[in-house]
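Heads up, the thing below is written out as structure tokens.
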Amino acid sequence: AFHCDLKMDGLAVELVYDEGILVAGSTRGDGERGEDITQNLKTIEAIPLRLEKISDLPKRLVVRGEVFLTKKEFKNINREQEKIGGKIYANPRNIAAGSLRQLDPKVAASRKLDFYSYGIAGKSEYYLKNYPTHESEYIALKNYGIKTNPNGKVLKSLEDISAFHKYWIENREKLPYEIDGIVVSVNDNRI
């Protein structure tokens, strides 16, 4: 089985929760070290500062996801920029990325950024026991109070994946945000 999801056109980030409290957030960076953007991430309403207290919440949870700007907010920002004679932005991704890299968290807060998580980092025995599938990660994330893209689903065949891809390529304009395509993951995390 495969877990298929939409590839958001935004900025990949990593959130670290200790005992359910958001303590750190960073960009993906070069794959080993990202930029610390914790204060800016804390201004995004869609990112919980405190997770739901449920029995299987691990002491430390590392969440990966995408910060993005809706098409509507993109148009609003460019309309305001045009009124003041400011810079007109090329796309929502550039605004999202630039907003999170600002030194002043007020800039990020003013942009109405959004967030969807797409996974929990880890391969430990605890991780594999509690999140044996990619689908179980999504279920856990929702239970913890973290948003995931509602369009993700588990599919069993290449034909189903192809149909999922074709559907979203043909219907991407109906989405309130930009996508780059789809992401296909093996659903079984133990492989």
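Conditions: (1) at pLDDT 95 or above; (2) among the acidic types (Asp, Glu); (3) within 18 Å of Val23 (Cβ to Cβ). Glu52 meets all but one. Number of the miss?
Against the list (1) at pLDDT 95 or above; (2) among the acidic types (Asp, Glu); (3) within 18 Å of Val23 (Cβ to Cβ), Glu52 comes up short only on (1).
Taking into account only those residues within segment 78-102 that are among the charged types (D, E, K, R) and under 20 Å from Leu15 (Cα atoms), which is surrounded by the fewest Cβ atoms within 10 Å (Cβ to Cβ)?
In the first step, residues of segment 78-102 are kept if they are among the charged types (D, E, K, R); the result is 79-80, 82-83, 87, 93, 101.
Filter once more, so that each one left must be under 20 Å from Leu15 (Cα atoms): 93, 101.
Details: Arg93: 21, Arg101: 14.
My answer is Arg101.
Looking at segment 1-51 only, could you name the residues that are open to solvent by 60 Å² or more (accessible area, probe 1.4 Å), within 17 Å of Ile120 (Cβ to Cβ) and under 16 Å from the mean Cα position of the chain (by Cα)?
Matches in segment 1-51: Arg28 only.
Would you pick out the residues in segment 58-99 that are modelled with pLDDT of 90 or more, assigned to a helix (DSSP H, G or I) and in contact with a helix residue (DSSP H, G or I) (Cβ under 8 Å, 6 or more places away or on another chain)?
Those that are modelled with pLDDT of 90 or more, assigned to a helix (DSSP H, G or I) and in contact with a helix residue (DSSP H, G or I) (Cβ under 8 Å, 6 or more places away or on another chain): Lys71, Glu73, Phe74, Ile77, Pro92.
Go through segment 103-150 and give me each residue that's modelled with pLDDT of 90 or more, open to solvent by 50 Å² or more (accessible area, probe 1.4 Å), over 22 Å from Lys59 (Cβ atoms) and in a helix (DSSP H, G or I).
Listed by number, the list holds a single entry, Glu135.
For segment 100-134, give me each residue that is among the aliphatic types (A, V, I, L, M), in contact with a helix residue (DSSP H, G or I) (Cβ under 9 Å, 6 or more places away or on another chain) and more than 21 Å from Arg28 (Cβ to Cβ).
Residue satisfying the conditions is Ala109 alone.
Give the residue, chosen from Arg93, Arg101, Arg64, that is basic (Lys, Arg) and more than 24 Å from His3 (Cβ to Cβ).
Values: Arg93 fails: more than 24 Å from His3 (Cβ to Cβ); Arg64 fails: more than 24 Å from His3 (Cβ to Cβ).
Sole residue among the options that is basic (Lys, Arg) and more than 24 Å from His3 (Cβ to Cβ): Arg101.
Which one is surrounded by the most Cβ atoms within 10 Å (Cβ to Cβ) among residues in segment 151-173 that are under 19 Å from the mean Cα position of the chain (by Cα) and farther than 27 Å from Ile54 by Cα? Steps first, please.
Restricting attention to segment 151-173, the residues satisfying the condition of being under 19 Å from the mean Cα position of the chain (by Cα) are 151-154, 168, 172.
Now restrict to residues that are farther than 27 Å from Ile54 by Cα: 168, 172.
Working: Trp168: 19, Arg172: 14.
The extreme case among them is Trp168.
Is it the case that some residue within segment 157-165 is of a type outside the set (S, T, N, Q), assigned to a loop (DSSP other than H, G, I, E, B) and touching a Leu at 6+ places or on another chain (Cβ under 6 Å)? Lay out the reasoning, then the answer.
Restricting attention to segment 157-165, the residues satisfying the condition of being of a type outside the set (S, T, N, Q) are 158-161, 163-165.
Those still in the list that are assigned to a loop (DSSP other than H, G, I, E, B) too: none.
Taking every residue of segment 157-165 in turn, none turns out to be of a type outside the set (S, T, N, Q), assigned to a loop (DSSP other than H, G, I, E, B) and touching a Leu at 6+ places or on another chain (Cβ under 6 Å).
The values are calculated or read from the model by the stated rules, or taken from the named source; none is laboratory data. The structure presented is a predicted model; accordingly, all values stated were derived computationally and were not measured. Virtual Cβ from ideal backbone geometry, glycine too; neighbours counted across all protein chains shown. The area values use the complete protein model at the heavy-atom level, side chains included, leaving out ligands, DNA and RNA. Shrake-Rupley method; radii C 1.70, N 1.55, O 1.52, S 1.80 Å.
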